[in-house]
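What follows is a single structure, written as C-alpha cells, with notes after it.
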Amino acid sequence: MSVDEVDFYVDHCSQEELIDLHRKVFHSDMDIDFWNWKYPYYLKANSPYAVVGGEVIAYYGVIPRNYINSGVVYKAFQAADVMVDEDYRGKLSSGMFMRLIENGDVIKQKCVFYGFPHKRHYILGRRLKMYELVQELNVFSLKSSEVKVDGRFSYAKSEVSDISLEDYNFRYSNFSASAPGGFLERGYSYYLHRYGNHPVFDYKAFIDSDSLFVVRIDGESVQIMDYLGDVAVFPEKIRRLSGAQELQGSMLTGWTALNSEDFLKFSEVQVSPAGAFFVKSEFEGAEMNCDKFWVSMGDTDFL
C-alpha cells in the first residue's frame, strides 16, 4: 500500500478511536479525562489523522500555544502525539508523517510547530527532515539538605488555584520583561488549565514577594515545572525554593536552557544534559528567530 491510498481528515473523530490507536502504538492506556485535558475541545486545532478501511491508522496531535519574542505574539502549535499503527509502519511511516502535516489545517497559516523529543526520536526526526534544532536542554538538580538559605526569604506553599490573577500577572510581568529571547505564552488561563485542572498529577505553587514556582512533588522527588519572576536571579531563586519547609529532604530537578556557567557560583546546583531537545518546524514564512528560548518542564504535555 502507498500513502496515496490513505484518506486524510481533520474533522473531529472520536476520542475512543484515538485512544485505541495510542494504546496500539505506545502499549499503554490513556484515560479519557487525560486525553480531554490534553486536547480540550475549546482549543481544538484540527489535528490531522489518516484512515484506511474506516479505521484510524495515524494521527498527528497538535496543541495550540503561541510564543512571544520581543513583545510580539506569534502563532505556534506543539507537536504532541505523533502515531502510526504498527501494521502500517516501515516504508509508509516517513511519507505518512509528511502527509499528515500537509493535510493539517494548522500549517495552511503562518505558524511554527515545536516539540521536545528525546534523543532517539530527535535523531529520527532530523533524518526525516521533520524539524530543526532550537536548543538542547539541560537538567539542573540540587538536594535541599545541602543548601543553606536565609529563612527570611523562603517561599510559601499554596494551591495552584489560590494564586490570584493580580498576584500571577505581577510575577508574569517580571518574567516576560527579563526572559532572554523567546518564550511560550503562559497567561493565567493557561496556568489554571495546565496545573489546576490536570486529571492525574497534583501540582503546588510556591510564592514569594516577586516570583512564583510551580512544582510536582512525588515523595522526595520535586520537579520544578514553571517559574515566573526575574530570570536574572533564577539560580538564586531555586536555592531559596529549596529552603521551603515542605521541601526539606527533597531532590529538586528541572529543565533549563541555561548552561552550567549560569550556575557556577552555586556549587550545590548540578547541571547536565537532559537528553531532550527543543525543536521547530516553520510554515508559510513563519520564523522563530530566537538565539535563546526559555523552556521549562511545564512546557511539555507529558510531565
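The values are calculated or read from the model by the stated rules, or taken from the named source; none is laboratory data. On a predicted model such as this, the values are computed, not experimentally measured, just so you know. Here the Cβ is made from the backbone with ideal geometry for all residues, glycine too, and neighbour counts use every protein chain on show. In case anyone asks, the SASA skips ligands and DNA or RNA and just uses the protein heavy atoms, side chains included. Shrake-Rupley method; radii C 1.70, N 1.55, O 1.52, S 1.80 Å.
Residue pairs whose Cβ atoms lie under 8 Å apart, sitting 6 or more positions apart in sequence or on different chains, and linking a residue in segment 252-266 that is in contact (Cβ under 8 Å) with a residue 24 or more places away in the chain to a partner that is open to solvent by 70 Å² or more (accessible area, probe 1.4 Å) and assigned to a strand (DSSP E or B), are 252/143.
For the subset of segment 40-70 comprising residues that are modelled with pLDDT under 85 and open to solvent by 30 Å² or more (accessible area, probe 1.4 Å), which member is nearest to the chain's Cα centre (by Cα)? Only one residue tops the list, namely 43. Of all residues in segment 7-26, those being open to solvent by 90 Å² or more (accessible area, probe 1.4 Å), under 23 Å from residue 198 (Cβ atoms) and in a loop (DSSP other than H, G, I, E, B) number 1. All of 243, 249 fail the test of being surrounded by fewer than 20 Cβ atoms within 10 Å (Cβ to Cβ) and on the phi > 0 side of the Ramachandran plot, apart from 249.
Considering each residue of segment 123-140 in turn, none proves to be part of a loop (DSSP other than H, G, I, E, B), modelled with pLDDT of 85 or more and over 26 Å from residue 272 (Cα atoms). Return the total of residues in segment 106-122 being modelled with pLDDT of 80 or more and in a loop (DSSP other than H, G, I, E, B). Selection size over segment 106-122: 2. A single entry from 230, 301, 291 fulfils the requirement of being surrounded by fewer than 21 Cβ atoms within 10 Å (Cβ to Cβ), under 30 Å from residue 62 (Cβ atoms) and either modelled with pLDDT of 90 or more or in contact with a Lys or Arg (Cβ under 6 Å, 6 or more places away or on another chain) (or both): 301. The residues of segment 236-252 that are within 26 Å of the chain's Cα centre (by Cα) and farther than 12 Å from residue 211 by Cβ, listed by number, are 239, 242, 244, 246, 247, 250, 251, 252. A single entry from 282, 287, 236, 246 fulfils the requirement of being within 30 Å of residue 121 (Cα to Cα) and not in a loop (DSSP other than H, G, I, E, B): 282.
Scanning segment 208-219 for residues that are open to solvent by 30 Å² or more (accessible area, probe 1.4 Å) and either outside any loop (DSSP other than H, G, I, E, B) or at pLDDT 95 or above (or both) yields 210, 216, 217, 218.
Are any residues in segment 256-279 at pLDDT 85 or above and under 22 Å from residue 123 (Cα atoms), and if so, which ones? Across segment 256-279, the qualifying residues are 256, 272, 273, 274, 275, 276, 277, 278, 279.
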